[in-house]
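Enquirer: I am attaching a structure below and will ask some questions about it afterwards.
The values are calculated or read from the model by the stated rules, or taken from the named source; none is laboratory data. Because the structure is a prediction, the values reported are computed rather than measured. Note that we place each Cβ from the backbone using ideal geometry, even for glycine, and neighbour counts take in every protein chain shown. Just the protein is used for accessible areas: all its heavy atoms, side chains included, with ligands, DNA and RNA removed. Shrake-Rupley method; radii C 1.70, N 1.55, O 1.52, S 1.80 Å.
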Amino acid sequence: MNMIVPLSSLKPGENGIVVDIKGGHQFRSRVVSMGITPGITVHVVESYAAGPIIFYVGGTRLAMGKGMAARILIKKL
């Protein structure tokens with residue numbers, strides 16, 4: 001079963017496909033400029049309890065705060 005969850009809930013080693021980006025135009029523009037768009041696969045490398053989530057998107061390593069990551073919905077693979 002493929003679950004839809006926020007990016008912030010993925011654990012290191014998990015993969016998923018971006019299905020939606022929640023937020024206003026400015027937030028969506030910022031996320032898209034980072035290469036995060038619906039349909040793209042993400043691979044989580046690290047997820048710190050009190051810090052950022054680190055993940056790969058299209059061969060690029062990115063870090064994002066949990067607040068932002070909670071607004072990106074992922075279909076777990």
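Enquirer: Considering every residue within region 38-48, establish whether at least one is part of a loop (DSSP other than H, G, I, E, B), open to solvent by less than 70 Å² (accessible area, probe 1.4 Å) and of a type in the set (Gly, Ala, Ser).
Expert: Quick first cut of region 38-48, residues part of a loop (DSSP other than H, G, I, E, B) only: 38-40, 48.
Subset that is open to solvent by less than 70 Å² (accessible area, probe 1.4 Å): 39-40.
Filter once more, so that each one left must be of a type in the set (Gly, Ala, Ser): 39.
Taking every residue of region 38-48 in turn, at least one turns out to be part of a loop (DSSP other than H, G, I, E, B), open to solvent by less than 70 Å² (accessible area, probe 1.4 Å) and of a type in the set (Gly, Ala, Ser).
Enquirer: For region 26-37, enumerate the residues that are part of a helix (DSSP H, G or I) and among the aliphatic types (A, V, I, L, M).
Expert: Residues of region 26-37 part of a helix (DSSP H, G or I): 26-33.
Answer for region 26-37, where residues must be part of a helix (DSSP H, G or I) and among the aliphatic types (A, V, I, L, M): Val31, Val32.
Enquirer: Residues in region 35-68 that are in contact with a Ser or Thr (Cβ under 7 Å, 6 or more places away or on another chain), farther than 10 Å from Leu10 by Cα and in contact (Cβ under 8 Å) with a residue 40 or more places away in the chain: how many?
Expert: Keep residues of region 35-68 that are in contact with a Ser or Thr (Cβ under 7 Å, 6 or more places away or on another chain), which gives 35, 53, 66.
The next check asks that each one be farther than 10 Å from Leu10 by Cα; those that pass are 35, 66.
If we keep only those that are in contact (Cβ under 8 Å) with a residue 40 or more places away in the chain as well, we get 66.
So the count comes out to 1.
Enquirer: Additional query: Which residues, taken from region 61-77, are farther than 15 Å from Val5 by Cβ and open to solvent by 50 Å² or more (accessible area, probe 1.4 Å)?
Expert: Scanning region 61-77 gives Arg61, Ala63, Gly67.
Enquirer: Can you tell which of Ser29, Ser33, Ser47 is among the small types (Gly, Ala, Ser) and under 14 Å from Leu7 (Cβ atoms)?
Expert: Answer to the check: Ser47.
Enquirer: Quick one: how many residues across region 49-60 are assigned to a loop (DSSP other than H, G, I, E, B) and either of a type in the set (S, T, N, Q) or open to solvent by less than 40 Å² (accessible area, probe 1.4 Å) (or both)?
Expert: Residues meeting the conditions: 1.
Enquirer: Can you run down the residue pairs with Cβ atoms below 9 Å, 6 or more apart or on separate chains, where the first is in region 8-28 and surrounded by fewer than 17 Cβ atoms within 10 Å (Cβ to Cβ) and the partner is part of a loop (DSSP other than H, G, I, E, B) and β-branched (Val, Ile, Thr)?
Expert: That search, which allows pairs on different chains as well, returns Ile17/Ile40.
A quick yes/no check of all residues on (1) under 12 Å from the mean Cα position of the chain (by Cα); (2) aliphatic (A, V, I, L, M):
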| residue | (1), (2) |
| --- | --- |
| Leu7 | yes, yes |
| Ile17 | yes, yes |
| Lys22 | yes, no |
| Phe27 | no, no |
| Val31 | yes, yes |
| Ile53 | yes, yes |
| Ala69 | yes, yes |
